[in-house]
Amino acid sequence: DTGVSQDPRHKITKRGQNVTFRCDPISEHNRLYWYRQTLGQGPEFLTYFQNEAQLEKSRLLSDRFSAERPKGSFSTLEIQRTEQGDSAMYLCASSPGTGDYGYTFGSGTRLTVV
Amino acid sequence: RKEVEQDPGPFNVPEGATVAFNCTYSNSASQSFFWYRQDCRKEPKLLMSVYSSGNEDGRFTAQLNRASQYISLLIRDSKLSDSATYLCVVSFLTGTASKLTFGTGTRLQVTL
């Protein structure tokens, strides 16, 4: 499979628990992005990596959120002390880094906080 | 004011109809423009890029008006399979790199 993979596809967690999502980008893509999408809204930018460096974080990304891309390959997004407002689809995308073209999105991880 | 604004719809049209979606963006420094398609509970997928000269891909025509900060998508001869949410997307430089900024999407339902 040469696309962007995300795991898990679905996650149900109790409020206050920590969750971690994984994204495997297209192997030759050096940029990786995390977006969040709630019902009836478009995806909203959270953060992005150029290789292993996290170059930007949105104000949407509170202190409870942390993302890593340790070797410039896969990335993880962790949410600590989840809240009901964190329920959303978390989308990962990668691109070759040559401008705004060539974005490929993964199928997303749907998080439900109960 | 949202950076990218779209009419959320839904647009309900019969098969074979022509339908047009519009979108406005607030940042005059926006660099690139796209329409993405998103099926229910699926990831967004690039439908087409949008250029000032206008561009066409089969039944789909996209247009950009930089002066008015306005983007449009025209779908001719609608098919049932066109039913989806159409996301207007722009990119502009913020921080260290340009990133895609999405509108809320316009939902299209094509019926028999």
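Within segment A:12-41, the set of residues being of a type in the set (K, R) and within 13 Å of A:S87 (Cβ to Cβ) comprises A:K14, A:R15, A:R36.
Tallying residues that are of a type outside the set (G, A, S) and either in contact with a helix residue (DSSP H, G or I) (Cβ under 7 Å, 6 or more places away or on another chain) or more than 24 Å from B:K45 (Cβ to Cβ) (or both) within segment A:77-111 yields 9. Going through (1) facing chain B (nearest Cβ under 10 Å); (2) at pLDDT 95 or above; (3) at positive phi one by one, A:G16 falls short only on (1). In summary, A:F21 fulfils each of the numbered conditions (1) touching a Ser or Thr at 6+ places or on another chain (Cβ under 7 Å); (2) at pLDDT below 95 with the single exception of condition (2). Residues that are more than 12 Å from the chain's Cα centre (by Cα) and modelled with pLDDT of 95 or more within segment A:56-67 comprise just one, A:R64.
Screening segment A:105-114 for residues that are surrounded by fewer than 19 Cβ atoms within 10 Å (Cβ to Cβ) and either under 26 Å from B:A97 (Cβ atoms) or under 16 Å from the mean Cα position of the chain (by Cα) (or both) and picking the one that is nearest to the other protein chains (Cβ to nearest Cβ) gives A:S107. Screening segment A:68-105 for residues that are modelled with pLDDT of 95 or more and in a loop (DSSP other than H, G, I, E, B) and picking the one that is farthest from A:Y35 (Cα to Cα) gives A:R81.
Could you please find all residues in segment A:1-49 being buried (at least 18 other Cβ atoms within 10 Å of the Cβ), in a strand (DSSP E or B) and of a type in the set (A, V, I, L, M)? Listed by number, the residues that qualify are A:V19, A:L32, A:L46. For segment B:87-112, residues that are more than 7 Å from chain A (Cβ to nearest Cβ), within 10 Å of B:F21 (Cβ to Cβ) and touching a Cys at 6+ places or on another chain (Cβ under 9 Å) total 2.
Inside segment A:79-101, residues that are touching a strand residue (DSSP E or B) at 6+ places or on another chain (Cβ under 8 Å), more than 9 Å from chain B (Cβ to nearest Cβ) and more than 18 Å from A:E44 (Cβ to Cβ) make up a count of 2. Scan segment B:9-19 and give yes if some residue there is within 14 Å of chain A (Cβ to nearest Cβ), of a type outside the set (G, A, S) and not in a loop (DSSP other than H, G, I, E, B), otherwise no. No - not one qualifying residue is present in segment B:9-19. Is it true that A:F74 is surrounded by 15 or more Cβ atoms within 10 Å (Cβ to Cβ), away from every other protein chain (no Cβ under 14 Å) and touching a strand residue (DSSP E or B) at 6+ places or on another chain (Cβ under 8 Å)? When the stated conditions are applied, A:F74 passes them.
The values are calculated or read from the model by the stated rules, or taken from the named source; none is laboratory data. On a predicted model such as this, the values are computed, not experimentally measured, just so you know. Cβ coordinates were reconstructed from backbone atoms using ideal geometry, including for glycine residues, and neighbour counts include every protein chain displayed.
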